[in-house]
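The values are calculated or read from the model by the stated rules, or taken from the named source; none is laboratory data. This is a predicted model, so every value here is computed, not measured. Cβ: placed from backbone, ideal geometry, glycine included. Neighbour counts: every protein chain shown.
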């Protein structure tokens, strides 16, 4: 019966160098990359094709601060997992929570940007092709940040309750992989939306 | 003995060739079907037919070879009674064979690709000569609009083109647009199909060699009555075509005896969707009816164009083509008769 | 390594009722069986849909079904076939067999496995709920009626008011999540959980092919998910992704759909190849010919298949060089496919072929897949395709692949692995009846279906004009349905009857060579009492032939 927990040795005689968690997360990243690629392709294809309404250079301001926050959160995430591997729980907690905060700042900044666009500029998903592709692409990314924050937050709470130890480093690294992926996607989205499109 | 066997082998080969040739000949018979892709009557269809025959020959040869090998293997290497105990020699592979049966197919692919690429270019990129006829085809749910822009009139559902002499071709170029969803213009004996896609103009051309009526229909699912979006192409001599153009260019005939019907055409809101040139009816949602009676069929080929069918159609389109965009208009029997009488004056 | 399994003194597994056990299980074998039973149910349903359509098409201007009902039926038939029959049944067999064949205890993520199954299952239920929504059941309710590829702008709110398109979109979105979860599991399991000694170079071809399939699913289903999110934004939030009035492109939907749609059919055929690759050697009594070439060819097919999608769009007006490019890539993918056919042939060559029912279905597969591949070459030729596209020739071609190829391979898999899953043999006699009757029906329906396509009959039409020369061929195709239905009934009866009355199978009824035959039939929940250790691709051959083991030659 599979009610009996399966204790998989993490290392086996001719074991795969990667843990199954890591392989699984890479698979998820591949699938998500394919989804993002389609949205990016649609965005790029529709650049300049809106029949009316505002264009990117007219209403977009480059989100410098929030981008810096999100990208540095990858650094703090790396510090966090490195610290956990070494067993330095205090450093881990500090860096992990900083990562969370930086991610939350990014999300908050996006929310502010959208609030401004929707309520002050009157620019929505059905304004024109630019509106549809912009909100879809940035929104898809933001939703992935949100999911990441939920996961990060859960681990943070567990850690503050003293349940996260050095032996969980592999699992935290798998989660970190997701976070780095989300950051990498932002590099692409940022370049396409605020660089290429404007 | 040996001579006997090779004689029999030659005989069976000859027989096979004859069989194959007769199947091919039968396949090309346009009496088999008025929409037979193997009975081309226009250059694009003929180019397609030639490359298709080449592909069929190659795939046919591959089929014969591999099928024979498979059949042979299944028969020759079957388990016989009494040899239960041994396992046959285990052969794990052969690099030479892998290379051989990789390289040969790649060569076949290259040959097929090069010959195909030529045909694609020849058909798709053919520039229109200066005396080509140009017609704009607009696809609607579930009928065809034909705009003869250079002649200044619009008609529907039956396309007329002049026959083309292969020595001095006068092709007809069709610009393909759509008013709503995706459609596809397919008249197999004249050309391969090309889609009509909103916001994505396409074009194709035909140069039919013989006069006659060529049939086809919409070939991209476009909604409920996709099946009844039929095409009729009338290929006429140059003289007949010019005469037809002249007739179509005239405004609608005005027959005072049908005044009641013509008034109903307005009060029953038919004018909101249909155009009858020379009258106040200028709707563009449905087919142009200016010369309705010059057509053999109505409802995009669904019904023969007779007064009885016309009357039944305007009474209740849903009885013939449920889902067609023509609404059921409330009218009395008398009104229907008067309207029909009016429509039959639109020659 | 022991071929008998040792019973471990485990605590009594479960006192919970069977239904709860099955609903809550994370055991790959139970999940595999649930996938398979679910798919069989939908196979019968889609057969009924097909029967209704074939009755309507048996005569011109027939009035058995209304236009709208017919349009809903072909949409549901296609959607069901791909997402709720073919994918689940292949995922089911993969789930059951992969851990056993690599000597593992279960899949890498058992709970994700269960989650994936239930997501797929709910997707199917959601899709079929559409029959009971909107209008009456006799008019097929509010089932989607836009064709299984749901081209824009037919799916826009303007042309598809109501919710039928939404059922299509949401059901597939949910099922897609299940597929991606399943794929993650396959890849992680095969890469990380192989038993000691089983290098990638020694694992069964079924494992290789499920690995390639898993990787392919990850990059194949996700474009569809993306496109469906875009469609929902258009339909629910007045977005403009495919809104031509706002300058949007409906050709973009076609690109995105076929970027999913073409590799998807390779997702279906590659696991079918896996069954053939495992069964033919056993019934030819020879090792598979050219194992490395088979691996390379499968991987090659996986990659090349990502670059052929626009051969579904030869008629939409792409520039000539675009069309030419896709002609080339599409014909190219035939090369590794052909290599596999030759390797199977070479496996049989010089062997000792035993015509048990699994092998009969494999041989049927070989002949039919050959034909299907060749009609595919015809379709790959863009000018030929300008005539054949969207006609009954295409319908005949892809049914040749899916029924003549994939379904035959699945039948072979059933007859081969049913003993392992249930401990009973299926009746050989009924198996032969099933094979021959279904074969006749298949050929009646789909051989002759090529002809109307060549004579100009488009697909997706609820009726057709008399006098086009299509009548007799349609009638023959419709008659074939009777035989196919009879074959399926015999098959279902065989499975039910043999479950109770079939001969006891034992561990290894076919004298085969891969690890699943080293444990009991059915296997215990833990699969292997002792973790197996292997030295070659055919561990059981090594045990049965200690003087001549495979590892001496590999």
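Quick notes on this one:
- Any hit, the range C:484-498, residues being out of contact with any helix residue (DSSP H, G or I) (no Cβ under 7 Å at 6 or more places or on another chain) and without any contact (Cβ under 8 Å) to a residue 12 or more places away in the chain: yes
- Entirely in the range A:14-112, the helices (runs of 4 or more DSSP H) that have 2 or more residues that are over 24 Å from residue A:155 (Cα atoms), at the interface with another protein chain (Cβ under 9 Å from one of its Cβ atoms) and under 17 Å from the mean Cα position of the chain (by Cα): A:20-45
- Unmet criterion (only one of (1) in a helix (DSSP H, G or I); (2) without any contact (Cβ under 8 Å) to a residue 24 or more places away in the chain; (3) within 13 Å of chain C (Cβ to nearest Cβ)) for residue B:93: (1)
- Test: residue in the range C:264-279 that is part of a helix (DSSP H, G or I) and within 14 Å of chain A (Cβ to nearest Cβ): yes
- Qualifying residue in the range C:418-428 (condition: surrounded by 21 or more Cβ atoms within 10 Å (Cβ to Cβ), within 14 Å of chain B (Cβ to nearest Cβ), at pLDDT 95 or above and on the phi < 0 side of the Ramachandran plot): no
- Boolean, residue C:122 is buried (at least 19 other Cβ atoms within 10 Å of the Cβ) and in a helix (DSSP H, G or I): no
- Answer from C:78, C:135 - the residue that is on the phi < 0 side of the Ramachandran plot and at pLDDT 95 or above: C:78
- Within the option set B:128, B:162, B:171, being surrounded by fewer than 16 Cβ atoms within 10 Å (Cβ to Cβ), touching a strand residue (DSSP E or B) at 6+ places or on another chain (Cβ under 7 Å) and either within 22 Å of residue B:233 (Cβ to Cβ) or more than 10 Å from chain C (Cβ to nearest Cβ) (or both) holds for one residue only, B:128.
- Filtered by the rule that a residue be within 9 Å of chain A (Cβ to nearest Cβ), free of Cβ contacts under 8 Å to residues at least 60 places away in the same chain and part of a helix (DSSP H, G or I), the range C:187-210 gives C:187, C:191.
- Of the set (1) under 30 Å from residue B:189 (Cβ atoms); (2) touching a strand residue (DSSP E or B) at 6+ places or on another chain (Cβ under 9 Å); (3) away from chain B (no Cβ under 14 Å), all apply to residue C:475 but (2).
- You will find that of A:158, A:175, the residue that is more than 27 Å from residue A:33 (Cβ to Cβ) and modelled with pLDDT of 95 or more is A:158 and no other.
- For the range C:227-239, the set of residues classified as under 22 Å from residue C:82 (Cβ atoms) and surrounded by 24 or more Cβ atoms within 10 Å (Cβ to Cβ) consists of C:227, C:230, C:231, listed by residue number.
- Answer residue from the range B:300-334, given it is more than 17 Å from residue B:289 (Cβ to Cβ) and outside any loop (DSSP other than H, G, I, E, B) and is farthest from the chain's Cα centre (by Cα) among those: B:334
- Selection within the range C:490-544 - over 25 Å from the mean Cα position of the chain (by Cα) and assigned to a helix (DSSP H, G or I): C:497, C:500, C:501, C:518, C:539, C:540, C:541, C:542, C:543, C:544
- Of residues in the range C:297-337 being within 10 Å of chain B (Cβ to nearest Cβ) and assigned to a loop (DSSP other than H, G, I, E, B), the one surrounded by the fewest Cβ atoms within 10 Å (Cβ to Cβ): C:319
- Under the condition of being away from every other protein chain (no Cβ under 13 Å), surrounded by 14 or more Cβ atoms within 10 Å (Cβ to Cβ) and out of contact with any helix residue (DSSP H, G or I) (no Cβ under 6 Å at 6 or more places or on another chain), the residues counted in the range B:318-342 number 3.
- Residue B:45 being surrounded by 19 or more Cβ atoms within 10 Å (Cβ to Cβ) and either in a helix (DSSP H, G or I) or touching a residue at least 24 places away in the same chain (Cβ under 8 Å) (or both): yes
- Of note, residue C:476 does not satisfy the criterion of being assigned to a helix (DSSP H, G or I), within 30 Å of residue C:444 (Cα to Cα), in contact (Cβ under 8 Å) with a residue 24 or more places away in the chain and within 24 Å of the chain's Cα centre (by Cα).
- Residue B:36 vs. criteria surrounded by fewer than 20 Cβ atoms within 10 Å (Cβ to Cβ) and not in a helix (DSSP H, G or I): no
- Taking (1) surrounded by fewer than 19 Cβ atoms within 10 Å (Cβ to Cβ); (2) in contact with a helix residue (DSSP H, G or I) (Cβ under 7 Å, 6 or more places away or on another chain); (3) modelled with pLDDT of 95 or more; (4) within 13 Å of chain B (Cβ to nearest Cβ) in turn, residue C:159 satisfies each apart from (2).
- In the range B:205-232, the residue that is nearest to the other protein chains (Cβ to nearest Cβ) out of those that are buried (at least 23 other Cβ atoms within 10 Å of the Cβ) and under 12 Å from the mean Cα position of the chain (by Cα) is B:219.
- Residue match in the range C:527-548 (condition: on the phi > 0 side of the Ramachandran plot and in contact (Cβ under 8 Å) with a residue 40 or more places away in the chain): yes
- Scan of the range A:137-185 for residues that are in contact (Cβ under 8 Å) with a residue 40 or more places away in the chain, surrounded by fewer than 18 Cβ atoms within 10 Å (Cβ to Cβ) and not in a helix (DSSP H, G or I), ordered by number: A:165
- Residues of the range C:168-186 that are facing chain A (nearest Cβ under 10 Å) and over 17 Å from residue A:35 (Cβ atoms): C:185, C:186.
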